[in-house]
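Heads up, the thing below is written out as structure tokens.
The values are calculated or read from the model by the stated rules, or taken from the named source; none is laboratory data. Values in this document were obtained by computation on a predicted structure and should not be read as measured data. Ideal geometry is used to build each Cβ from the backbone, glycine not excepted, and the neighbour counts take in all protein chains shown. Just the protein is used for accessible areas: all its heavy atoms, side chains included, with ligands, DNA and RNA removed. Shrake-Rupley method; radii C 1.70, N 1.55, O 1.52, S 1.80 Å.
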Amino acid sequence: MSVKTHDYEKQAGAFAELEMQGTQYLAFRDIPMLIRDHAGSIASVLDYGCGAGRSTRFLKRLGFNAVGVDVSQDMLEQARAKDGSGAYQHIPSGLLPFEDSTFDLVFSSFVFLEVSRIEEIERILKEMKRVLRKDGTIIFVTSSTEATEGNWVSLSYAFPENDKQLRSGDTVKLLIQGVDVVFHDYFWAEEDYIGAAERAGLSLAKLHKPLGSPDDSIEWRDETKMSPTAIYVLRNSPPTPQP
Ligand SMILES: C[S@@+](CC[C@H](N)C(=O)[O-])C[C@H]1O[C@@H](n2cnc3c(N)ncnc32)[C@H](O)[C@@H]1O
């Protein structure tokens with residue numbers, strides 16, 4: 001059974017206040033480096049699940065022509081209010097109103113953890129691949145498999161409901177400190193994401209788990225030892241068959 005992970009009708013305003021502070025900073029800090037190392041020369045970017053536009057504005061600040069799409073009208077309203085000149089479009093899950101090979105990069109942050117079925121993640125990845133240019137790159141950011149095990153600067157998983165051996169498709173409860181929103185995410189393990197990507201005809205170029213550094217000027221907690229975040233860099237080519 002799928003549960004409603006977030007109530008964006010009520011929470012879109014709070015999410016719109018969320019920028020890239022604390023633990024959230026770590027999720028985005030290394031994206032410019034990953035783009036430089038893996039995506040090469042890019043101009044057009046799709047931000048899949050742009051929400052209130054935080055990630056789209058981030059991509060625009062990096063100099064890209066970014067278009068945001070999302071299933072939530074409430075979140076899109078927030079995105080448009082914060083970026084009047086931006087391009088934000090409403091979509092049904094996994095259906096993109098773009099021609100084949102339109103984008104150099106498809107980016108997606110904190111979206112797949114709201115999807116209740118791995119088959120749906122695979123379907124979305126296939127659709128992302130369709131609109132991606134032939135040698136393009138997909139970068140998606142999500143929670144790491146070990147996220148519930150750490151003590152983080154601005155995220156808390158300290159709820160009795162999470163006190164169990166997590167299995168793929170379980171929900172976990174969490175609190176984002178600062179915006180004080182409590183919600184649920186779906187737990188997917190690395191092999192779930194990698195399997196879905198491979199079945200969608202994509203190959204894993206890198207799985208990056210950013211760690212906190214003294215240069216960040218943030219008083220990190222467990223972020224220096226383990227990462228709450230996993231960043232998957234995928235290439236638009238099928239995985240090489242093993243001999
Ligand atoms: C936690 S927000 C993240 C927003 C933004 N990417 C960011 O990092 O600030 C997740 C967003 O994903 C959207 N979303 C959830 N499931 C989706 C799906 N299947 N297809 C497209 N968007 C989806 C939600 O509506 C929400 O706006």
**OP:** Go through the range 78-87 and give me each residue that's surrounded by fewer than 20 Cβ atoms within 10 Å (Cβ to Cβ) and touching a strand residue (DSSP E or B) at 6+ places or on another chain (Cβ under 8 Å).
**Re:** Arg80, Gly86, Ala87
Original post:
Considering the range 172-222 alone, what residues qualify as being open to solvent by less than 40 Å² (accessible area, probe 1.4 Å), outside any helix (DSSP H, G or I) and among the charged types (D, E, K, R)?
Top reply: Asp185
**OP:** Check off (1) open to solvent by 50 Å² or more (accessible area, probe 1.4 Å); (2) within 12 Å of the ligand (Cβ to nearest atom); (3) closer than 30 Å to Asp216 by Cβ for His90 and give me the number that stays unchecked.
**Re:** (3)
Original post:
Across the range 103-133, what is the total count of residues that are within 14 Å of the ligand (Cβ to nearest atom) and over 23 Å from Pro32 (Cα atoms)?
Top reply: 13
Original post:
Counting only residues that are open to solvent by less than 10 Å² (accessible area, probe 1.4 Å) and away from the ligand (no atom under 15 Å from the Cβ), how many does the range 36-77 have?
Top reply: 1
Subject >> Failed item in (1) part of a loop (DSSP other than H, G, I, E, B); (2) away from the ligand (no atom under 15 Å from the Cβ), with Gly136 passing the rest >> reply: (1)
